[in-house]
Ligand SMILES: [Mn+2]
């Protein structure tokens, strides 16, 4: 659905309820946390009580500064006041982990832009064509005939910039998104500051790790598929904090003819993570889904409990049919 109007049922609940629990997904990103923070700030301005909860962990460098604003559990005092739970940036209930049990029996609204085909909760504002959930939160604020304040505008711009790779994943016909962005800059958000929040502050080690990944790349199907891997030794030498997947994918996406990128990583003796990116036509989201993972058509991932070589071989075979 390309209609970004806020459903009446959601608008009414936001107006009528006094208390809101805002929840995002596990391993949160900039869009998830910024949606929660911006919607929370807006609701507080309307005189509402707001509780922000994230299951964490806060692994990504660009969102580290947001961690202090979040609780990890629903406080007992919130369980008997009939709050509306708003779950943001989550396609399936398992993405909120243990919090699913803690909100059982509560009234739940879902605001999301994933296309999982499955929905949970009582009220839905799910738009797979939205570039980010922050874009939908901007629509919610505007449905009250209000505009975001400076802080909210900064958060909303950060979310849409994060999920679009600073707008480079957007295609033609994205006018409404740029109109939203234009308004956010008028409300005080700075693209320059958001860019440096997203891409600045990296370590030399993070670039050296990318060098390792680049040196190991393997090319299949005339360069349409590029694969690489991170070893146990890399994890030991560089740590997760020096991973910078987005910068790595950007490097590979600049290679002529590439369509799909596969990044296989050692996480522990029993777990391998697999990141998938595509450029134009390959649906890596459905490939990830077939292995129990998730994501979008052009960016997805899953975890694998087996040897790295095994999953690499499987993926090469699968992509022979797609590429
Ligand atoms: Mn998102």
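The values are calculated or read from the model by the stated rules, or taken from the named source; none is laboratory data. Note that this is a predicted model, so its numbers are computed, not measured. Cβ placement follows ideal geometry from the backbone for every residue including glycine, while neighbour counts extend to all protein chains displayed.
Observations, loosely collected:
- Residues satisfying the stated conditions in the stretch 140-182, i.e. surrounded by fewer than 18 Cβ atoms within 10 Å (Cβ to Cβ) and part of a helix (DSSP H, G or I): 142, 143, 150, 151, 175, 176, 178, 179, 182
- Looking across the stretch 83-99, the residues that are away from the ligand (no atom under 16 Å from the Cβ) and at pLDDT 95 or above come down to 83, 84, 85, 98, 99.
- Residue satisfying all of: in the stretch 115-134; surrounded by 22 or more Cβ atoms within 10 Å (Cβ to Cβ) and in a loop (DSSP other than H, G, I, E, B); nearest to the ligand (Cβ to nearest atom) among these: 132
- Condition met for residue 273 (farther than 24 Å from residue 57 by Cβ, part of a strand (DSSP E or B) and in contact with a strand residue (DSSP E or B) (Cβ under 9 Å, 6 or more places away or on another chain)): no
- Where a residue in the stretch 138-166 is assigned by TED's automatic domain parsing to the domain that holds residue 246 and its partner, wherever it lies, is within 12 Å of the ligand (Cβ to nearest atom) and not in a helix (DSSP H, G or I), with Cβ under 9 Å and at least six apart: none
- Among the residues of the stretch 10-66, the ones that are in a loop (DSSP other than H, G, I, E, B) and either crowded, with 18+ Cβ neighbours inside 10 Å or within 14 Å of the ligand (Cβ to nearest atom) (or both) come to 10 in all.
- Matching option when the condition is within 15 Å of the ligand (Cβ to nearest atom) and crowded, with 16+ Cβ neighbours inside 10 Å, among 108, 137: 137
- Sole exception among (1) out of contact with any helix residue (DSSP H, G or I) (no Cβ under 6 Å at 6 or more places or on another chain); (2) modelled with pLDDT of 95 or more for residue 121, by number: (2)
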